[in-house]
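Okay, so here's the structure we're looking at.
We did not get these values from a lab; they are worked out from the coordinates using the rules stated. The structure displayed is predicted, hence computed values, not measured ones. When we count neighbours, we look across all protein chains shown, and the Cβ atoms used for this are built from the backbone with ideal geometry, even at glycine.
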Amino acid sequence: MTASSAQQRTEVVRIVLVDDHEIMRQGLRSVLEREADILVAGEAGTAAEAMDVVARMHPQIVLLDLKLSTSSDSEGIDLCRALTAQHPDLAVLVLTTFLDEQLVLRAIRAGARGYVVKDVDTSGLIRAIRDVVRGGSAFDARSAAAVVRGLNAAEPEPAAALTERELEVLRLLAGGLSNRLIGERLYISETTAKFHVGNILRKLGVTRRAEAVYEASKAGLI
């Protein structure tokens, strides 16, 4: 194997599709596998199947529908929480029909790194996947607006003060930019951008970028 082929192999994104409709999974697989850097490593139609497939296939991303049965519109929330608890490095990207601010917020709290609606176009979905795998967050315009609408009016707990630079980074985080893109936008190195992101997470008392955006919005920082 050549060095270039080895590098290409390591850059392939492994995805597991979780949706209770087989025809939807087939359609997603067909679309995603047109991309040279994306491999659909497995599929699941129920929460139990998803836990098993993820444990066996070790994907980087789970593309998750929130409605996995006729009895509940949000069974995927509990699955998201279970997956991220058992696999801390796993990125869950919600892809669902439902656009409800409380569902978006619950998904973020359960560990989701992104939330897009199923009528997103192909390029938007691929972009969201790549943003998430690079360590960013991914929200389409409507789900991002739902986050803002869904913020409760309770007074936020005081947080350690963010510097002007950290506030600049935070605003770019809210736009879903990766560390590399934040660095390019602010004319700083990717390592410096990562350092600022780490400080922001620590000061806001969170561990995930999407949670930082949520907490910062609630605190009126963005």
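Here the extension length gained between Arg185 and Glu22 equals 54.6 nm, from 0.36 nm per residue of separation less the Cα-Cα distance. In the chain, helices alone account for a calculated mean residue ellipticity at 222 nm of -16000 deg cm²/dmol, with every DSSP H run of four or more residues adding -39,500 (n - 2.57). For Glu43, the residues 5 or more places off, or on other chains, whose built amide H falls under 5 Å of its own are Leu17. In a fully extended conformation the segment linking Glu33 and Asn199 would gain 56.1 nm over its present Cα-Cα distance, using 0.36 nm per residue. Around the amide H of Ala138, modelled in the peptide plane, lie the amide H atoms of Gly114, Tyr115, all under 5 Å away and 5 or more residues distant in sequence or on another chain.
The lysine pair tally for the chain, using Cα distances under 30 Å and a gap of 8 or more places or different chains, is 6. Fully extending the segment from Thr192 to Ile222 would add 8.7 nm, taking 0.36 nm per residue of separation and subtracting the current Cα-Cα distance. When both bridge partners sit in region 37-126, DSSP labels roughly 10% of those beta bridges antiparallel. For Rg and Dmax of the Cα atoms in Å, the candidate list reads (1) 17.7, 52; (2) 20.4, 86; (3) 17.5, 58; the entry that matches the value derived from this model is (3). What residue among Thr207, Leu170, His196 has its Cα farthest toward the positive end of the dipole of region 164-218, where the charges are +1 on Lys, Arg and -1 on Asp, Glu, each on the Cβ? Of the listed residues, the answer is Thr207. Once both labels are positioned 7 Å from their Cα atoms along Cα-to-Cβ, the gap between Asp89 and Val206 label points is 2.3 nm.
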